[in-house]
Amino acid sequence: MSKTSRRVVSGVLVIVALVVSAGGALGYLGRLTLVFDRHPGKALAIVAEVPGPPDGPACPIDARYFDEKPDGLPPEVLKAWQALRSKASEQGVQLCLNDGKRSRQQQRKEFDEAVKKFGTEELASRYVLNPPDRSMHVLGQAIDIQPIESAKWVEKNGGALGWCRRYENEQWHFEYDAGYPTGGCPALVPSATGS
Ligand SMILES: [Zn+2]
């Protein structure tokens, strides 16, 4: 190889290295942007710390359940919840928000209670998500609707407003995604904990 071609080769290598590292940096920044885009102006880390009401007044149509205030839900999710509730109400169906937003701390407490109940962390983690960030309730994207008759209405009609049931073992649990109205609901999976 002549001196000139060697210089050309190493020049090309330097350019390739620069392009690859710039691409990597952009990819990294891109991911960061996505995280912030989901909740404009709020990082997920902050959303995860926002507590929801621990309980609420009794559900007017079934006192075994609560009807919590939708406190702590990100604005887009709150709007979608309100739209869902009024559409149901127009059709004579009352939805009770048995559980909505949880903070990391609230989710951790649920896990600790499950450990007490079932005896080991391994058994508890079949029923309650741990670490807390795995829970869509902590991320403010999930609601539990009761009574079951009302949840059935949501399963049938919620997709058009962005609310889909996700798990076979949780008929009451719905998650919000802005893509569901156009993309449709994803297929059910057995459970949130994978057990
Ligand atoms: Zn749930």
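We did not get these values from a lab; they are worked out from the coordinates using the rules stated. Everything numeric in this text was worked out from a predicted model, so none of it was measured. Because the Cβ atoms are built from the backbone with ideal geometry, glycine has one as well, and the counts that use them run over all protein chains shown.
Counting other Cβ atoms within 10 Å of each Cβ, which GluC sites (Glu not before Pro) in segment 123-195 have at most 12 and sit in a DSSP loop?
In loop regions of segment 123-195 (DSSP not H, G, I, E or B), the sparsely surrounded GluC sites (Glu not before Pro) are Glu168.
Report, in listed order, any pair from Lys69/Lys156; Lys69/Lys117; Lys69/Lys101; Lys117/Lys152 with a Cα-Cα distance greater than 20 Å.
In this structure, Lys69/Lys156; Lys69/Lys117; Lys117/Lys152 lie more than 20 Å apart at Cα.
Using each residue's phi in segment 46-55, evaluate 6.51 cos²θ - 1.76 cosθ + 1.60 at θ = phi - 60° and report the 3J(HN,Hα) Karplus result to the nearest Hz, with x for Gly and Pro.
Values, residue by residue: 6, 3, 5, 8, 6, x, x, x, x, 7 Hz.
Convert each backbone phi in segment 180-195 into a coupling constant with the Karplus relation 6.51 cos²θ - 1.76 cosθ + 1.60 (shift: θ = phi - 60°), then list the ³J(HN,Hα) values in order as whole Hz, x for Gly and Pro.
5, x, 8, x, x, 7, x, 5, 5, 10, x, 6, 6, 8, x, 9
Take the alpha carbon atoms of segment 68-105, find their center, do the same for segment 143-195, and report the distance between the two centers in whole angstrom.
13 Å
Read phi for every residue in segment 63-73 and hand back ³J(HN,Hα) as whole Hz from Karplus 6.51 cos²θ - 1.76 cosθ + 1.60, θ = phi - 60°, with x for Gly and Pro.
For segment 63-73, the Karplus-derived couplings read 5, 6, 10, 9, 10, 5, 6, x, 4, x, 6 Hz, x marking Gly and Pro.
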